[in-house]
């Protein structure tokens, strides 16, 4: 199976490498060419343009920064027009359900297949092929990328709703941990011990352990997921919820704290820096 | 070792039973006597008053409803005055750090030992001796009650801070899950599938599985932890944080939603009914 | 002076009538033609299209529903292209500063003048020529429309920021009044007396008197300013603030309550129905 | 008429002076004696104790810092016991409705009259006899103190609810103005011009003009109403609302911002410093 892979950023690069190593014939494209070049060592072919990457592919994977980039490559730069009739376009980026629906319509109108398959996991999970994939369709390539694939139905947009609400739960957890750590620190309790207690019992989950240790150690750099990307996702959550008249007050609150983090100059840090905002608001540091 | 056990409510009753079965000599007291009587079948002796329960005990455990009841029994009804010189008073209720400090001072002034040892876990965990105990001291009795005991230092109030902030994390998680479920339900995603996805990966933790299934199935009755108790704990969190000038906006938000749940007449339901408030605010049901 | 007037809705219709009565030669256009027809009785000429309304005008006023309609008429339907070289396009709608900037650039590139001049006031103030106009430029027509014109500089977008933040203050006031009335009603204080007290002293301002009486009397219909328009404006406030990294937590909170009002089916009521949401959340009604 | 006046702080001192000048026989008491002494120049007699101030008075006015001080003086230090049978105790402090009810009961049981009559206005309004008094009873002394007296019924606690909800509206206005000014400042609009616009029209009210100019000029010192007093009042609002199950999300939000102001070290500034918190959270200053 030939795979066209567009977008070799922090997540896409290790994903594309795993596909190469799993034996797929992978053609990669990235706007900043230098970020795609290392993949040639794993057997990838470098494309000159999005359409060049798409031409002969059975499966085209895109994992670009946001809605705008995804729409540009697909509809303006000609990805959709260059897809062969039997190919499937698998969009693994975190995009809005609204764009997902527009892309579904455009592909359907052109007689092509579109699958939304966003992933949960940070770059190290991508490297270890331990991503969780939430798809609204299915495809053989997923096995090379993830630990498990959840199929949430036939509407691609449904997968995007699940992904976004998952990121909302993460953002909410980070904010809550930040507030809790501010309280225990100002009350004289050791943050590391506190982390050990909460993640040994009720919250013995990867997300709490991972983000909890980042917060307890104030290790916001290098970023695993940069603040502006977190803000973008929370904005998409709110837009998606607004479209169906769902108030999400915790998401609103987190958005305000993320904005304040931006205003404080933390745009190059991990979005867990929300905890620093909570600490500063409590007079710590 | 002789144990005096005061407060045989939803949590205390199974805890006292486990102590009997572990071979301790347990004397129980409960204001509503009928709630303590079944324990005589397990070998407990029934006391006529708090002081009667305390008289010969090596360890006195109290697990009462709130600050007011704990203060009343200890300082007004004579528990402290009746403690023998070598006895330890172990307070396992969720009380405020402020009361914990007052009780520490009172016991110290009287030459008696006071330990705060609040627990994480719902009644079924109490029955299975699977509670997690957060203590600021230690005692041999803990092994019969819990899975694991965390010692957080010498100031009893520190244990109460940890307990309260743990309950805050739970409350925050419930609210966030409520908002997320409102979003996915209005977006046409199956709640059970959504729960499966999030608890298989990032949030594979007991708290998410337990409360997530309550919310997905809207199973708010019978309550494991009643709404007014949840509101009481969030109020204690806010008071504790205010005393050290820590703003906790998620706690404030959750308090408002809990109050609205009270105003909607849900006081006899589990505090997970926060999710119903989120759903109703989104026009569901 | 010849005026082209596009958009004769709840606000535009009385504004256009006042211009006619003040002696200007007014040509009106409205997409739904029947809403413009009554103005012919005051001497207005009916245009067949936006460009027809614009052709010979010295001043073109647009006051359309939102960003999308304003952009469509100006850039797509040909208003800008049809403007004569000396004409001024005065946009009196509540639009985003971002669109205001795009329109400023487009007019400048075409050698035409663009002024943003949003208004404060409800339809009855429009009828009485008592609007307050916030302009980033000036024009003789304003005297016929408003009580007072404030000039906020040369950048049209500045006028839009002022208008939007004014609407934010209104929205915030409504929400706060809603919460205060819920408290006093549940405390057994007469709402009418309460309104009299607060508007006799500290808050002796038109906005408090007007909205306060709507809330005290629960008179949300007929709407002076419909809920979806209020939601649109708060959304614009949040977008504008996000563009400069300004968190506005009260605006976020109000947005959530407006969304809940939408979810409760109140879309045809005045946006003061926020107070009913506050009352319902407190268990009233 | 002989008046006993207890509490000659920032508000009480000018109020007592006006009573002297209006010809009443006033006996004053203040815990810090030096703060009461200047009043002797206006004819006041200095009492040695609260009971000394109360003994022969027809009317006793108390305006103390908070619930604790009011309760101490009235019930512990002997004010109530020393009241003559025909005297009226008029409590003009901002206290909780709950304390107001306890004091009503205590006075009734002792056969004495109790009136709650909290005031709106800052120290300069007190000096000018321009306070607004919200009373749940009436008394001839009010004319010497205020511009207007509103009688809200027979239950003293009702006056306290009105006073507290008025302070809530002020706090909410300050927070909203703070957010609005952060937005306009970061958008390049002159704050003084902005203030002129909003207070010329919709919000032409004393509260907006007064606090608006404090915020526009960042004039938070000397304080007219200190931050900790503002926090105390918002706390009372939330407690009062909680007692009747009324969620007040704006009050919760303001409380969090006030707490952050405390944590930032602003306890000696005017509570309008909320606007500085909003500005700092937006990266200004």
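Worth a mention:
- Over region B:1-82, relative contact order from alpha-carbon pairs under 8 Å, at least 6 apart, %: 35
- Candidates B:136, B:113, B:216, ranked by Gaussian network fluctuation over chain B, Cα under 10 Å, top entry: B:216
- Label geometry 7 Å along the beta-carbon vector: residue B:84 inter-copy distances in nm: 6.3, 8.8, 10.8
- Region A:36-171: C-alpha gyration tensor shape, a/c 1.5 cut-off, then a/b vs b/c: oblate
- Averaged over the residues of A:155-167, the number of partner chain Cβ atoms lying within 10 Å of the residue Cβ comes to 5.
- Over all directions, the projected convex hull of the C-alpha atoms in region B:164-256 averages 6.4 nm² in area.
- Gyration tensor (alpha-carbon) shape descriptor, region D:1-60, a/c threshold 1.5: oblate
- Relative contact order, percent, chain B [alpha-carbon distance under 8 Å, six or more residues apart]: 13
- The mean sequence distance of close C-alpha pairs (under 8 Å, at least 6 residues apart), as a share of the length of region D:76-178, puts its relative contact order at 25 percent.
- For chain C, built as a Gaussian network whose Cα springs stay under 10 Å, the top-fluctuating residue of C:19, C:64, C:195: C:195
- For residue A:108, label point 7 Å along C-beta direction: distances to other copies, nm: 4.4, 6.9, 7.1
- Helix B:249-263 axis, angle to chain B major axis (alpha carbon atoms, nearest 10°): 90
- Copy C relates to copy A by a rotation, and the C residue whose beta-carbon is nearest that axis, with the distance in whole angstrom, is C:252, 2.
- Note on B:269-282: average number of Cβ atoms from other chains within 10 Å of each residue's Cβ is 3.
- Anisotropy class of the protein assembly as shown from Cα gyration tensor, a/c 1.5 cut: oblate
- Inter-centroid distance (Cα atoms) of region B:15-30 relative to region D:239-285, Å: 48
- Dividing the summed helix terms, -39500 (n - 2.57) for each DSSP H run of n ≥ 4, by the number of residues in chain B produces a 222 nm estimate of -14500 deg cm²/dmol to the nearest 500.
- Each copy carries residue A:37; placing its label point 7 Å along the C-beta direction from Cα gives inter-copy distances of 7.1, 8.4, 8.6 nm, listed from smallest up.
- Between 0 and 90°, nearest 10: helix C:12-21 axis offset from chain C longest Cα axis: 50
- Using a Förster distance of 51 Å, the FRET efficiency for residue A:101-residue C:124 (Cβ separation, nearest 0.05): 0.75
- Cα-based helix-to-principal-axis angle, C:97-109 vs chain C, degrees rounded to 10: 10
- Taken along the Cα-to-beta-carbon direction at a fixed 7 Å, the label points for residue C:49 and residue C:33 span 1.4 nm.
- Whole-number D in µm²/s for chain C (Stokes-Einstein; Kirkwood sum over Cα pairs; 4 °C, 1.567 mPa s): 66
Coordinate-derived values only; no laboratory data. Since the model is a prediction, treat every value here as computed from it, not as a measurement. Virtual Cβ from ideal backbone geometry, glycine too; neighbours counted across all protein chains shown.
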